[in-house]
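Computed from the coordinates by the stated procedures, all read-outs in this text should not be read as laboratory data. If you're wondering where the values come from, they're calculated on a predicted model, not measured in any experiment. Here the Cβ positions follow ideal geometry from the backbone for every residue, glycine too, while neighbour counts run over all protein chains shown.
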Ligand SMILES: NC(=O)c1ccc[n+]([C@@H]2O[C@H](COP(=O)([O-])OP(=O)(O)OC[C@H]3O[C@@H](n4cnc5c(N)ncnc54)[C@H](OP(=O)(O)O)[C@@H]3O)[C@@H](O)[C@H]2O)c1
């Protein structure tokens, strides 16, 4: 199912604690902001499509990420938002949230009800060479890289489409025993067989006194074809 989007990449990008694989606590990040890590995330994902779950969107205060096409996967959100419009194209139902079209945000925000639907839509748009269909916001998905940015089920459902993984390991002890979520891409079936390590860069954040490491991985089959 690995996706070839006209030389663009399809990737998981995430950060976990080095021990216990914790990615979130009480619907927030488990550690205070690490500017170097946030910069890496922003530079990687800018001008791309970012796909997130409803709780991750809520953890951002329902404020979309700037300079990116934001896709929220949710079955319940469409019933809670008033300024949205439903579209049906290629047998896929999705929603465009118009409140984010205003100058304050000016960011495209879409809701799909499954990762499979988003990916079928993106693959079909790119298969057409991204020709624009008036009124559908169709061009937003054409010729762009795609990043699965969390949470757990989005990573799990997105993983089979990915040619790359960006993984940050944060060396910080997370003491909590409840209301946390954990994820480790190395637990995905066949990850250490199918992906090869590409880069490993170590950093130290002096304000938070935290070390972290950013690692990237490439799917073996991408070495032979243009999927990233
Ligand atoms: N460390 C990191 O890299 C990182 C990245 C992102 C988020 N986080 C953290 O992770 C936590 C949020 O993640 P989470 O795993 O709890 O929740 P999440 O995946 O962000 O959101 C879960 C919700 O998304 C929708 N959803 C997810 N997968 C779906 C699917 N396959 N089909 C249909 N709907 C789907 C459902 O919404 P409905 O109930 O509305 O249908 C589901 O209840 C927060 O603490 C956040 O700060 C960490």
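Could you run through region 182-207 and say how many residues are in a strand (DSSP E or B) and within 16 Å of the ligand (Cβ to nearest atom)?
Quick first cut of region 182-207, residues in a strand (DSSP E or B) only: 182, 195-205.
Now drop any that are not within 16 Å of the ligand (Cβ to nearest atom), which leaves 182, 203, 205.
Of the residues in region 182-207, 3 are in a strand (DSSP E or B) and within 16 Å of the ligand (Cβ to nearest atom).
Is it the case, given these coordinates, that residue 26 is near the ligand (Cβ under 8 Å from one of its atoms), closer than 26 Å to residue 103 by Cβ and surrounded by fewer than 21 Cβ atoms within 10 Å (Cβ to Cβ)? Even if it seems obvious, please write down each step before you answer.
On the way: near the ligand (Cβ under 8 Å from one of its atoms): yes; closer than 26 Å to residue 103 by Cβ: no; surrounded by fewer than 21 Cβ atoms within 10 Å (Cβ to Cβ): yes.
Against the criterion (near the ligand (Cβ under 8 Å from one of its atoms), closer than 26 Å to residue 103 by Cβ and surrounded by fewer than 21 Cβ atoms within 10 Å (Cβ to Cβ)), residue 26 does not qualify.
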Q. Within region 87-105, is there a residue that is within 14 Å of the ligand (Cβ to nearest atom), buried (at least 20 other Cβ atoms within 10 Å of the Cβ) and in a loop (DSSP other than H, G, I, E, B)?
A. no
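To keep it simple, each residue is scored yes or no on (1) closer than 20 Å to residue 199 by Cβ; (2) in a loop (DSSP other than H, G, I, E, B); (3) touching a strand residue (DSSP E or B) at 6+ places or on another chain (Cβ under 9 Å).
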| residue | (1), (2), (3) |
| --- | --- |
| 13 | yes, no, yes |
| 23 | no, no, yes |
| 42 | yes, no, no |
| 63 | no, yes, no |
| 78 | no, no, yes |
Q | Single match in 122, 111 (criterion: within 16 Å of the ligand (Cβ to nearest atom), assigned to a helix (DSSP H, G or I), touching a residue at least 12 places away in the same chain (Cβ under 8 Å) and crowded, with 20+ Cβ neighbours inside 10 Å) | A | 122
